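Notes follow the structure.
The values are calculated or read from the model by the stated rules, or taken from the named source; none is laboratory data. Computed from a predicted structure; not experimentally measured. Neighbour counts are summed over all protein chains in view; Cβ atoms, including those assigned to glycine, are modelled from backbone coordinates with ideal geometry. Each accessible area value is taken on the protein alone, full model and side chains, heavy atoms only, with ligands, DNA and RNA left out. Shrake-Rupley method; radii C 1.70, N 1.55, O 1.52, S 1.80 Å.
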There are 2 protein chains.
Amino acid sequence: MAVVVNPGLDRSGINRLLGNSTYEAAFPPHEGSYKSRHPIKTHGAQNHRHLLYERWARWGIWYKYQPLDLIRRYFGEKIGLYFAWLGWYTGMLIPAALVGLFVFLYGLFTMDSSQVSKEICEANTTIMCPMCDVNCSAWKLSDSCVYAKVTHLFDNGGTVFFAIFMAIWATVFLEFWKRRRAELTYDWDLIDWEEEEISLVLTAVFAVVVFRLIAMEKFASFQWEFVKKNWQFATSGTGVCINFMIIMSLNVVYEKVAYLLTNLEHPRTESEWENSFALKMFLFQFVNLNSSTFYIAFFLGRFAGRPGDYNKLFNRWRMEECHPSGCLIDLCLQMGVIMVLKQIWNNFMELGYPLLQNWWSRRKMRRAGEQNNVESKEQLPQWDKDWNLQPMNAHGLVDEYLEMVLQFGFTTIFVAAFPLAPLLALLNNIIEIRLDAYKFVTQWRRPMPARATDIGIWHGILEGIGVVAVITNAFVIAITSDYIPRFVYAFKYGPCVNKGYRHEQCLRGYMNSSLSVFDMGEPQNGSQIETRYCRYRDYRAPPWSSQPYEFTLQFWHVLAARLAFIIVFEHLVFGIKTFIAHLIPDMPKDLCERMRREKYLMQEMMYEAELEHLQKERKKNGKRYHHEWP
Amino acid sequence: MAVVVNPGLDRSGINRLLGNSTYEAAFPPHEGSYKSRHPIKTHGAQNHRHLLYERWARWGIWYKYQPLDLIRRYFGEKIGLYFAWLGWYTGMLIPAALVGLFVFLYGLFTMDSSQVSKEICEANTTIMCPMCDVNCSAWKLSDSCVYAKVTHLFDNGGTVFFAIFMAIWATVFLEFWKRRRAELTYDWDLIDWEEEEISLVLTAVFAVVVFRLIAMEKFASFQWEFVKKNWQFATSGTGVCINFMIIMSLNVVYEKVAYLLTNLEHPRTESEWENSFALKMFLFQFVNLNSSTFYIAFFLGRFAGRPGDYNKLFNRWRMEECHPSGCLIDLCLQMGVIMVLKQIWNNFMELGYPLLQNWWSRRKMRRAGEQNNVESKEQLPQWDKDWNLQPMNAHGLVDEYLEMVLQFGFTTIFVAAFPLAPLLALLNNIIEIRLDAYKFVTQWRRPMPARATDIGIWHGILEGIGVVAVITNAFVIAITSDYIPRFVYAFKYGPCVNKGYRHEQCLRGYMNSSLSVFDMGEPQNGSQIETRYCRYRDYRAPPWSSQPYEFTLQFWHVLAARLAFIIVFEHLVFGIKTFIAHLIPDMPKDLCERMRREKYLMQEMMYEAELEHLQKERKKNGKRYHHEWP
């Protein structure tokens, strides 16, 4: 059982002495300098810190496996398990990144032959309805040629395949991690070690989450309306950047709230405290990071109304529409920008911040040294050098895991919209491993070693993300992407109907069929474009039909197909997931056999010992009472 | 670890001697007669068998809790756990049965006010298209008045509510069983006892299952076509009965196959053998029992085609259609008949069969006694009396669990179609408990006691059924029942549109709108009904429209609504399920505290003992080497 070190409550023992400033700090010192091979006198023949630096924390060896046994020995099982998990996750990202890259390249190479973007680029006589009420005018569809081409990059046939692939990948990843974990705990002799039960108060968090969702949705629509007036790349990008800054500043507030809430629960052990804090931090940050992405994926453009009958927020702001080539491109942009910015920011915070702090405290010390004329830094004892380093922060590995789990969420949840996400994650993680290693070996005090048999509550969170990912990907493909409308057109309306084959040519005329007609009234002489009718993205009857602006039959066909796709996709993927999870046993067969064998040998040994003991007793008693024993 | 008693392989020890007929049988004898209070001489003061008979196996005490501790003491933990589970399940069925009965009564009381059946009963001018090609003629819709009224009994607004209720009930049942189990294993001191891992070969079974599904679907359509020509209650019932007989005879074959397959796997322990056999038996019998029900629920009437363009099996048999008042009534009939017949059959087999066998062997013994003039039966030693009883069959409790789990499946999987299922299950189980008890106490030899901490693979199977049940109920309500088409009509086509309220009157005209028109050609003078147009159940354009027999807009509305319902229902119910499963901890809080406390006390005690031991050693050594000790 771990010692109770609850960082928010009263402490006892060394923590109490630390708390009332009897001691300034308490930590296990490093084994000498990471730069020199020689250990300090009090230690053994080998300086493990230097070894770790050489074999683990250097950039030059980024392609090598981590020395896990050495890490475990130097930092304890808990940190060892984190790096084992991180390395495993990074390795598993390689196939996902490769397939994602392949899907992206497929989009790139078929970009020019895409029928939809071809039609958009050639449509210089198609007049689109104005995008806003006051300062906007009607515009030509061909103006958005580049936008349409970029859309095809991410919204093509490969997307569906990739979404299914990633859902299965997430399952396989978790199932195989269970096996790897079983091997590690066996090798590190942790089988019998048990953690305490966990119980969580979810209600308080839930209230905050709901509040956040509502506020963000409202807010996102303001902000987007403001910056997207010209609906071009630059402005979309700016919007996402503002969004990112808001996310980052809210995170700081959330950390404090989670800290307070966890201490209110009075958890009884350190592992209980960590699990509770971790779940809160995850829920907060997950909602914070993803709610605007959710908004863009599923709400943007759904409730815009139609020309002549727009829906307005507070009767004032018109809800924004999607681009004629589909809604997926906005989602893709959001994903890409946030992911890149977040990773740069995180890596800076992780390394730059301790580097700066350490530089500052070294500078302070040097000044103090100049004043007191003490010996040079080289002759300082190890604990003095360590004291100048940063302590590992209070919530242990929570931050490290949190970053990786949020990244796992980003890579899987909207992966249909952005197949390059696994590649970005892979690149980040290759850096992340060495960065963390460098930080642990050179920039931090050596942390108190702690034991752990698994990655705690994170495993459950990862499994939850795996389930959410299947659902969101089904909805992204069915509702956000234009895959289904194109499919329905090709099979029911296009030029190939009743011919029984399907290729790009079958989409001829798709763009025209996906745009409805609106009657703007008699053209005034002063206006730029002299036409009475403009087009907009919807399936509605034309103004001259018997039921103007009602949904057409095609709308209902597409809707039924979208819903059917969600049902088929979810049942199929969850079925495969369940099947795979049952197929892969949680423990490798040979490990299972080995443990059985050892259990048997142990029982034999205990039996032998007991027998020997009994015989000795009998011998002694025999001597005492009978004397006829030789 | 349980002793290896693999009933299909070579045996050792007593089993070997039994196998080569050195001994005739080996069993623990009962504690005297169940009728008399006095134990036989060799036993203690109390005859537990008589006590069990008095307090457990009599019909008169059907309303009382079972004496679980006594059962466990007499028969061992494994059988004790089975009865604990059975009692728990029966108790949990009470609320389900009550709600189901209430839903049924709701249907009964609103039967007369149902707009749909009213319209059908009054529709004596509506001519329906013939149900078959050769000997059938057109018929009046009002002829099926009774059928429509019965349909309303099971297909009304309460159905959706009940399906959601049952999905949540199944989750709560399993979650609370986990807690109950934790308490029992603690009370029975089974906490540290471990079972072996299980590994299963699913592939062979899967192949059989697929084969069975295909064969049954084909077969069911034959058979149904044959017996349902007159589509009345009597013939439907006969069809279901034939179906039931086929199911029962196939079960016998399956048992042999499962037995063979399990032995081919060479399982290493008895519990492994049982789990493997249990899973196979369950999969076989589940598919056998439910495949025709699946066919009726989801395929019957879907692929019938339309008048003038019927789909035919092998170009010969027309696929059957649903009744104009909906497809749910066929499903309901199937459920009810199979459930009642199966329960009667099972109870007969369970009690009648051993009773007959025991009567037969007593008769044989009496004759042998008459020949040899031995003493009367009363003076026979207990082992001779026991020897005349039936041994508990080879696969232990598998049959008992199997019956209950299949019943659980029947009660939850299609519960939307037949809300009386939980009530039937409850009545059956009240009988089942006493019947099993009677059988165990009076008709069977006392079985070898065995330990078990849980109900083994059955728990996983029950959880699987819980998931399948949510999906099937979603589909039954959306596709089989007419709930969604009525809903769409009331909100989009009926007389209340734009009025914003909904009651039975809003369904006025629904029956007419759900029937399409077919042109039979000029009426011939010889035919009974002189009309040109007949009606059939579908949403297709009339023959005089511009696109005759194409699906109408209403068809697509209904389809979209059906699919949307499936998505909403599944996500909602699975969400609630997950939330509840997380909300209910697997172990009651006080039990958890008690176990922690005991662990702590145990550690303290061991520490004290160790300390005492060390002090003694020191004392002894001190005496030997120093002699200054007092």
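The order of B:C129, B:C145 by accessible area, most exposed first and with a 1.4 Å probe, is B:C145, B:C129. Across peptide B:549-559, the average count of Cβ atoms from other chains found within 10 Å of a residue's Cβ is 3. Near the amide H of B:K140, within less than 5 Å, lie the amide hydrogens of B:M128, all on another chain or at least 5 residues away, with H placed in the peptide plane. Listed peptides B:553-566, B:470-483 appear in the order B:470-483, B:553-566 once ranked by packing, highest mean of other Cβ atoms within 10 Å at the front. Inter-chain Cβ neighbour count for A:561-573, averaged per residue, equals 3 (cutoff 10 Å, partner chain atoms only).
Within the full protein context, the accessible area of A:Y63 is estimated at about 150 Å² for a probe radius of 1.4 Å. Packing, as the average of other Cβ atoms within 10 Å across residues, places the peptides B:571-580, B:414-423 in the order B:414-423, B:571-580, highest first. Sorting A:V405, A:V340, B:V568 by accessible area puts them as B:V568, A:V340, A:V405; the probe is 1.4 Å, largest comes first, and only protein heavy atoms count. Sorted shortest first, the distances from the A:K599 label point to those of the same residue in the other copies are 1.9 nm; each point sits 7 Å from Cα along Cα-to-Cβ. With +1 assigned to the C-beta of every Lys and Arg and -1 to the C-beta of every Asp and Glu, and no other charges, what is the dipole magnitude of segment A:529-612 about the Cα centre in debye, to the nearest 20? That gives segment A:529-612 a dipole magnitude of about 960 debye.
Ranked by the mean number of other Cβ atoms within 10 Å of their residues, highest first, the peptides A:606-619, B:113-126, A:430-443 fall in the order A:430-443, B:113-126, A:606-619. Take each residue in A:169-181, count the other chain C-beta atoms within 10 Å of its C-beta, and the mean is 0. Across segment B:413-422, rounded Karplus estimates of 3J(HN,Hα) from the backbone phi angles (6.51 cos²θ - 1.76 cosθ + 1.60, θ = phi - 60°) give 5, 10, 5, 4, 7, 8, x, 7, 3, x Hz, Gly and Pro being marked x. 3J(HN,Hα) along segment A:423-433, derived from phi through the Karplus expression 6.51 cos²θ - 1.76 cosθ + 1.60 where θ = phi - 60°, amounts to 5, 4, 4, 4, 4, 4, 6, 4, 5, 4, 4 Hz, with x in place of Gly and Pro. The other copies place their A:E550 label points at 1.5 nm from this one, listed shortest first, where each point is 7 Å from Cα along Cα→Cβ.
Sorted shortest first, the distances from the A:R306 label point to those of the same residue in the other copies are 2.6 nm; each point sits 7 Å from Cα along Cα-to-Cβ. Sorting B:F551, B:F284 on solvent-accessible area from highest to lowest, probe radius 1.4 Å, gives B:F551, B:F284.
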